[in-house]
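The values are calculated or read from the model by the stated rules, or taken from the named source; none is laboratory data. What you see is a predicted model, and the numbers here were worked out from it, not measured in a lab. Counting neighbours? That spans all protein chains shown, and the Cβs are built from the backbone with ideal geometry, glycine included.
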């Protein structure tokens, strides 16, 4: 009798919390089980990382499995965005969790330059990284999944580690990702000399042609981008 009563009470509590959360049932259950399991994983609930309640923070952890980002998110109890390898997006359930919570996929790592590709320019960033690698320049490629909100931790790490942070977008350089990052640099009082912008100028395109023709006209091809970055690094 008491077992049935406790079971129904627990089910009612879960149901009410789900309705209040505004989340989909699958996402809510995934979060519920992660939070239930989190205290057993590195003690991340009872010994939480000493992060400030507000403002940007960079948490560096020695991950032992691909489940760590999800479990740390549940244990920290504040908005967290992780930079993770692209292959983790293919892990069942975890990939769904990463997408829903806006984790940033890193397509490749590098030590000399960071390429932030937006939308259609991600493939171009990959191709530019290949051309740079042929010149002995190691490039990190990140797929920027949102312009608003920006990922504070990712940008803070990028401008701290790299002498060149190149933004690639098939968009006007005014009012796009590069502009948003420029505003972020000013707001956070971060040295922005590493920033390079690859986009379209503030002018009408008065020629007829293909998308590739327009990219070549505005220097948004992999060879043109790689050449400018290599020249910048040699200065």
_Subset of segment 217-232 [at pLDDT 90 or above, part of a helix (DSSP H, G or I) and surrounded by 10 or more Cβ atoms within 10 Å (Cβ to Cβ)]_ = 222, 223, 224, 225, 226, 227, 228, 229, 230, 232
*Identify, please: which residue in segment 117-129 is surrounded by fewer than 19 Cβ atoms within 10 Å (Cβ to Cβ) and closer than 17 Å to residue 200 by Cβ and is, among those, nearest to the chain's Cα centre (by Cα)?*
119
_Candidates 179, 172, 143, filtered to the one that is assigned by TED's automatic domain parsing to the domain that holds residue 125, closer than 20 Å to residue 120 by Cα and in contact with a helix residue (DSSP H, G or I) (Cβ under 8 Å, 6 or more places away or on another chain)_ = 143
*Before we move on, is residue 127 assigned to a helix (DSSP H, G or I) and either touching a residue at least 24 places away in the same chain (Cβ under 8 Å) or over 21 Å from residue 223 (Cβ atoms) (or both)?*
yes
*If residue 156 satisfies every condition in (1) surrounded by fewer than 18 Cβ atoms within 10 Å (Cβ to Cβ); (2) part of a helix (DSSP H, G or I); (3) in contact with a helix residue (DSSP H, G or I) (Cβ under 9 Å, 6 or more places away or on another chain) but one, which is the exception?*
(3)
*Would you pick out the residues in segment 130-149 that are assigned to a loop (DSSP other than H, G, I, E, B) and surrounded by fewer than 18 Cβ atoms within 10 Å (Cβ to Cβ)?*
135, 136, 138, 145, 146, 147, 148, 149
_Where residue 167 falls short, out of the listed (1) within 17 Å of residue 232 (Cβ to Cβ); (2) in contact (Cβ under 8 Å) with a residue 12 or more places away in the chain; (3) not in a strand (DSSP E or B)_ = (3)
*Would you pick out the residues in segment 201-216 that are surrounded by 10 or more Cβ atoms within 10 Å (Cβ to Cβ) and out of contact with any strand residue (DSSP E or B) (no Cβ under 9 Å at 6 or more places or on another chain)?*
205, 209, 212, 213, 216
